[in-house]
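Data block below; observations after.
Bear in mind that the values in this text are calculations on the coordinates, not laboratory data. Model, not experiment: these values are computed from the prediction. We place every Cβ from the backbone using ideal geometry, glycine too, and count neighbours over all the protein chains shown.
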Amino acid sequence: MDLTYTEEEEAFRARLREWLAEVLPKLPPKPAAADWPGRRAYDAAWQRMLYDAGYAGLHWPVDAGGQGATPTQHLIYLEETEKAGAPYVGANFVGLLHAGPTIAAEGSAAQRARWLPPILRGDEIWCQGFSEPDAGSDLASLRTRAERDGDDYVVSGSKIWTSHAEVADWCELLVRTDPDAPRHRGISWLAMPMDAPGVTVRPLRTLAGSAEFAEVFLDEVRVPAAYRVGAEHDGWRVTMVTLSFERGTAFVGEVVACRRVLGELARKARANGRWDDAVLRRRLGGLHAEFAALWRLTQWNVSEAQHVGGVPGAGGSVFKLRYSHARQELYDAAAEVLGAASLDAEREWVADRLSALSYTIAAGTSQIQRNIVAERILGLPKGR
Ligand SMILES: Cc1cc2nc3c(=O)[nH]c(=O)nc-3n(C[C@H](O)[C@H](O)[C@H](O)COP(=O)(O)OP(=O)(O)OC[C@H]3O[C@@H](n4cnc5c(N)ncnc54)[C@H](O)[C@@H]3O)c2cc1C
């Protein structure tokens with residue numbers, strides 16, 4: 001992998017910088033953290049601006065509606081948008097970062113044409129209905145049932161921890177279509193409209209006070225069989241594609257954000273006298289090295305994904321494992337730098353520190369990532 005930038009890439013960076021400098025000052029104020037309809041509108045409007053300017057789905061293939069940019073251009077985009085303080089994907093997270101890429105990789109031409117353009121334009125928001133009360137790490141034990149009835153599936157069951165369910169239009173839903181098959185073989189991946197009769201969403205409040213995810217109850221919901229992505233009963237394989245995107249590349253933009261936060265912490269420490277503490281300085285220095293290494297790993301993963309058909313490999317688990325812990329260490333360090341100010345509930349630092357706790361659970365816990373690294377990268381025998 002070549003880590004230097006070509007003239008063409010630097011020209012791309014300059015154009016993007018110029019565009020960001022022009023549009024960011026015109027953005028409306030950010031809505032409050034708990035205002036999910038407001039956040040949806042804000043995130044969708046930003047996505048529309050990216051679309052109109054030709055920056056939506058930058059690294060998606062052209063035949064999926066993307067711009068077909070190189071991995072390096074994608075990384076430049078992440079660096080520049082973050083440095084400029086542009087909005088993050090927000091409520092578009094599932095659509096842009098894993099449902100969309102899964103449909104691009106596994107969907108039929110008709111499915112790609114139906115679902116991808118509205119994701120890229122910010123018109124439709126997706127959520128993820130994978131976890132169930134008794135199926136988290138052991139996802140293959142999911143029980144939500146889909147029975148075929150003519151051209152439809154009739155779906156009953158319940159999902160939990162469904163992020164953004166309250167404001168979503170579509171759900172990437174895992175269902176059991178063959179209860180008699182071995183666990184991994186009787187699963188299908190469906191796109192379910194969230195406004196279908198029989199869907200009930202009950203928001204769950206996190207310890208940070210925000211209702212960012214929900215329980216979703218499904219009572220004989222009719223989902224057209226044409227909304228199944230991949231073959232019937234082959235949903236586990238499709239799910240592995242979704243999880244590869246979720247762990248492999250979905251968090252890469254956040255590494256740049258963490259590097260920015262670290263710089264901000266160093267500035268605050270200099271201003272409030274904490275910089276004189278050599279132990280704290282060493283801690284911040286260690287984190288600086290950590291995030292620099294994670295950024296290199298990101299470059300490696302993004303580049304590798306591009307060369308193996310666009311789907312990230314098991315290296316995503318190495319990244320997800322180390323990144324989620326580094327993020328927690330970063331916000332612990334923030335509390336030390338800021339002292340009592342970090343407890344001021346109005347400050348974003350509190351919400352960010354609390355939400356950092358969830359990173360070692362969401363998208364597969366650290367223990368599960370270690371199992372994947374042990375089995376798929378180190379070749380160790382499977383645990384019992
Ligand atoms: C912020 C957040 C957002 C989320 N968003 C979504 C979403 O949008 N959609 C969705 O479907 N899900 C979502 N989830 C759910 C997430 O995927 C699950 O919480 C996660 O997979 C763990 O499952 P669980 O909570 O059932 O814990 P469990 O699977 O019950 O695990 C409990 C503990 O046992 C450990 N453990 C379990 N099995 C093993 C094993 N084989 N080896 C070693 N240790 C093991 C786990 O590591 C964990 O520490 C979200 C979670 C969070 C925190």
*DSSP-loop trypsin sites (Lys or Arg not before Pro) across region 122-159, with at most 14 other Cβ within 10 angstrom*: Arg143
*Does anyone have the angle between helix 348-358 and the longest principal axis of the chain? Alpha-carbon axes, 0 to 90°, nearest 10?*
50 degrees
*What's the FRET efficiency of Glu348 with Asp134 using the Cβ-Cβ distance as r and R₀ = 51 Å, to the nearest 0.05?*
0.90
*asked:* Using 10 Å bins from zero, what percent of all Cα-Cα pairs in the chain falls into each bin?
replied: 5, 22, 32, 27, 11, 3, 0, 0
*For Lys26, list the lysines whose Cα falls under 19 Å from its own Cα; do not include residues on the same chain fewer than 8 positions away.*
Lys83
*For the pair Val62 and His288, how long in nm is the line joining their label points, each one 7 Å along Cα→Cβ?*
4.3 nm
*Let me know the whole percent of all Cα-Cα pairs from region 316-358 that are separated by more than 18 Å.*
29 percent
*asked:* Given axes a ≥ b ≥ c from the Cα gyration tensor, I'd like to know whether region 197-308 is rounded (a/c under 1.5), prolate (a/b larger than b/c) or oblate.
replied: oblate
*Subtracting the Cα-Cα distance from 0.36 nm times the residue separation, let me have the gained length for Arg145 to Leu380 in nm, one decimal.*
81.2 nm
*Counting only C-alpha contacts under 8 Å and six or more residues apart, can you give the relative contact order of the chain as a whole percent?*
13 percent
*If you average the sequence gap of Cα pairs under 8 Å that are 6 or more apart and divide by the length of region 32-77, what percent do you get for the contact order?*
20 percent
*Would you work out if region 8-127 is rounded, prolate or oblate? Take a ≥ b ≥ c from the square roots of the eigenvalues of the alpha-carbon gyration tensor; rounded if a/c is under 1.5, else prolate when a/b is larger than b/c, oblate otherwise.*
oblate
*asked:* Can you give the Rg/Rh ratio of region 274-384, where Rg is from the C-alpha atoms and Rh is the Kirkwood radius?
replied: 1.06
